[in-house]
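K.L.:
Quick one: the structure is below, questions incoming.
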Amino acid sequence: MVNFIVCDNNKHIVTNVVNVINSTMMNNNLQYKIFPHLDYNEEFHKQVSAKKSNTIYILDIEVNGNSGIDIAREIRKIDDHSIIIFLSKYNNLIETILTDNIMPLTFISKQSNYQEKLNQAIRKSLSIFNNRDHFKIIEKSVSYQIPLKDILYITHDSVERKSIIMTEYNDFKVNKSLTEIFAMLPNT
């Protein structure tokens, strides 16, 4: 599961970003969710503090007087594995973003062909996630990539005859035996 958390105070930009995400993800068989926001409000902060794997943040630098750079600092305090992409018109802040300790993937200017650059950044993000230690499984034509660090335990439900991969944020039910699952886990 890939989680996209998007924040921009321009509804048109948010709609365009959601469309770019959908068109990019159509070329993958990965399950994903999009959480669009128009402000760095309480609902946005709930999304940030919720335990999610494979999260890609697409943030504007200035949203209704709030700083996206400060938001990125908050994200990094609790999550150093997510990917942050800045999408903004404030080109003069590129150096601040890159020299701060927030580790963004990239900065994309809204002023020039941002949809194609965002598409490329999302594909790069998926490649980064793919190269991390994940348990990868395909269930009903949907590919799941669960970070190994997120797996709490794996059990079997004898009633449903499915194995269950337990994480803090989700339970993944798969039609495989425990033996098959353990054989699929990478040797780490």
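A short reminder: the numbers here are calculations on the coordinates, not readings from a lab. In this text, all values refer to a predicted model and were calculated from it rather than measured experimentally. Backbone-built Cβ (ideal geometry, glycine too); neighbour counts: all protein chains shown.
K.L.:
Run down the aspartates and glutamates and flag those whose C-alpha is under 17 Å from the C-alpha of LYS162, throwing out any fewer than 8 positions away in its chain.
P.N.:
LYS162 reaches GLU139, ASP171, GLU180.
K.L.:
May I ask what percent, to the nearest 5, of DSSP beta bridges between residues of the chain are antiparallel?
P.N.:
Expressed as a percentage, antiparallel bridges in the chain total about 45.
K.L.:
Something else now. How big is the gap, in Å, between the Cα center of the stretch 95-145 and the Cα center of the stretch 25-48?
P.N.:
First find each Cα centre; the distance between them is then 13 Å.
K.L.:
List every residue whose amide H lies under 5 Å from the amide H of ILE5, counting only residues 5 or more places away in sequence or on a different chain, with H placed 1.01 Å from N in the peptide plane.
P.N.:
PHE35, ILE56, TYR57, ILE58
K.L.:
Where a Cα-Cα gap under 23 Å defines reach, which lysines qualify for LYS89, not counting those fewer than 8 residues away within the same chain?
P.N.:
LYS11, LYS110, LYS117, LYS124
K.L.:
Based on DSSP, what percent of beta bridges with both residues in the stretch 1-96 are antiparallel, to the nearest 5? Don't skip to the end; give the middle numbers.
P.N.:
On the way: 2 of 17 bridges.
Close to 10 percent.
K.L.:
Taking the simple approach of a point 7 Å from Cα along Cα-to-Cβ for both GLU139 and GLN47, what is their distance in nm?
P.N.:
Placing both labels 7 Å along Cα→Cβ, they lie 2.4 nm apart.
K.L.:
Amide H to amide H, which residues 5 or more places from ILE108 or on other chains are under 5 Å from it, using H placed in the peptide plane?
P.N.:
Amide H neighbours of ILE108, under 5 Å, 5+ apart: PHE86, LEU87, SER88.
K.L.:
Mind scanning LYS33/LYS136; LYS46/LYS77; LYS77/LYS173 and naming the pairs with a C-alpha gap bigger than 20 Å?
P.N.:
Long pairs (Cα-Cα over 20 Å): LYS77/LYS173.
K.L.:
Report the label-to-label distance for LYS162 and HIS81 in nanometres (one decimal), using points 7 Å from each Cα along the Cα→Cβ vector.
P.N.:
Between LYS162 and HIS81, the simple spin-label model gives 2.3 nm.
K.L.:
Any idea what Rg and Dmax come out to for the chain if you just take the C-alpha atoms, in Å?
P.N.:
Using the Cα atoms of the chain, the pair Rg, Dmax is 17.9, 59 Å.
K.L.:
From the square roots a ≥ b ≥ c of the eigenvalues of the alpha-carbon gyration tensor of the stretch 31-128, which class results: rounded (a/c under 1.5), prolate (a/b over b/c), or oblate?
P.N.:
rounded
K.L.:
Report ³J(HN,Hα) in whole Hz for each residue of the stretch 160-177, in order, from the Karplus equation J = 6.51 cos²θ - 1.76 cosθ + 1.60 where θ = phi - 60°; Gly and Pro get x.
P.N.:
The phi angles translate into 7, 6, 9, 8, 10, 9, 9, 10, 5, 10, 6, 10, 9, 9, 10, 8, 9, 6 Hz.
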